[in-house]
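The block underneath contains the structure these notes are about, expressed in structure tokens.
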Amino acid sequence: MVKRLHNKRILITGAAQGIGLAIAKAFVREEASVFLIDRDETLLHSEVTALRREGYVASGQMADIIDAKTIAAALSQAETEIGRINALVNNAGVNVFAEPLETSDEEWNRCFDINLKGAWNCSKAVLPGLIDQGGGVILNIASTHAFTIIPHTFPYPLAKHALLGMTKSLGLEYAARNIRVNALAPGYVATQKVIDYWNSFPDPDAAKAETMKLHPGGRIATPEEIAMAAVFMISDECPFMNATCLTVDGGLSVQQHPA
Ligand SMILES: NC(=O)c1ccc[n+]([C@@H]2O[C@H](COP(=O)([O-])OP(=O)(O)OC[C@H]3O[C@@H](n4cnc5c(N)ncnc54)[C@H](O)[C@@H]3O)[C@@H](O)[C@H]2O)c1
């Protein structure tokens, strides 16, 4: 039986660990060919090797999404190895959290360069190919930070708000070209990024317990639960879903405050 992502050749950024890696694994299980990009070469190499050992069509290249030239080179390598890319997942992102007046220009730039400009660099690289092929899909991994604010997390939510804006803008611009551009907004997901966040508190266990308590279901998401939504959004099962955002946060962002 043909699987859900048969004939999809997908570039995924920030795919050496966390949500990006879970997405890559879920995609290959659905018969996609994947090309992983990450700036962590060692981790990337070991995960690509593991996927290939399991018989999946997977390849990858170290690249930093803030460098448009490196991304162009990685795309060209991807097309040589897995064929013309017809879908992109802009997943790479970093937490940059501070009190607004304590945010340095360097931190501001790092936040917007990676969380927004990086996604644009990759979209700009693949869009001509998608247009040429008569369609395709771009999925931006946003966050509940794209429409809500947690104090002291400045300027990360600003970049995620803008990523949502870019999703809507590109979704409208290219709808008539049969290109769907959507965002997926996870709440907290159990990845290294979140563990690092807990570890930034004097009492990491207390910080973790606080995070769990915030959630209506008393737990946070697994990366695999986010990947399941990504499979649906990249697949042909939602052909009229465009320029929108799917929230996968266990109900976190709709509650006024925890009970
Ligand atoms: N974990 C969460 O709770 C959570 C919640 C909402 C949204 N998100 C978003 O999901 C995405 C993935 O988050 P995660 O928790 O899996 O992160 P992670 O830190 O576990 O993994 C991110 C990966 O991206 C790579 N990366 C970072 N900057 C890069 C760059 N400039 N170029 C290439 N690769 C780069 C890192 O090397 C790493 O392998 C991010 O966009 C994040 O903002 C995460």
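The values are calculated or read from the model by the stated rules, or taken from the named source; none is laboratory data. As the structure is a computational prediction, the values presented were derived from the model and not from experiment. Because the Cβ atoms are built from the backbone with ideal geometry, glycine has one as well, and the counts that use them run over all protein chains shown. Note: areas computed on protein heavy atoms with side chains; ligands, DNA, RNA excluded. Shrake-Rupley method; radii C 1.70, N 1.55, O 1.52, S 1.80 Å.
Odds and ends about this structure:
- Extreme residue, most open to solvent (accessible area, probe 1.4 Å), among residues of the stretch 74-110 that are over 15 Å from the mean Cα position of the chain (by Cα) and within 22 Å of CYS245 (Cβ to Cβ): PHE97
- Matching option when the condition is touching an Asp or Glu at 6+ places or on another chain (Cβ under 8 Å) and among the polar types (S, T, N, Q), among THR70, THR80, THR42: THR70
- The listed residues are LEU158, LEU163, LEU172, LEU214, and the only one of them that is closer than 17 Å to ILE19 by Cβ and either at pLDDT 95 or above or surrounded by 14 or more Cβ atoms within 10 Å (Cβ to Cβ) (or both) turns out to be LEU163.
- Residue pairs whose Cβ atoms lie under 9 Å apart, sitting 6 or more positions apart in sequence or on different chains, and linking a residue in the stretch 1-27 that is at pLDDT below 95 to a partner that is not β-branched (Val, Ile, Thr), are VAL2/GLU31.
- Within the stretch 133-154, the set of residues being over 17 Å from MET241 (Cβ atoms) and within 13 Å of the ligand (Cβ to nearest atom) comprises SER143, THR144, HIS145, PHE147, THR148, ILE150, THR153.
- Per-region count, the stretch 47-73, residues more than 18 Å from the chain's Cα centre (by Cα) and of a type in the set (D, E, K, R): 4
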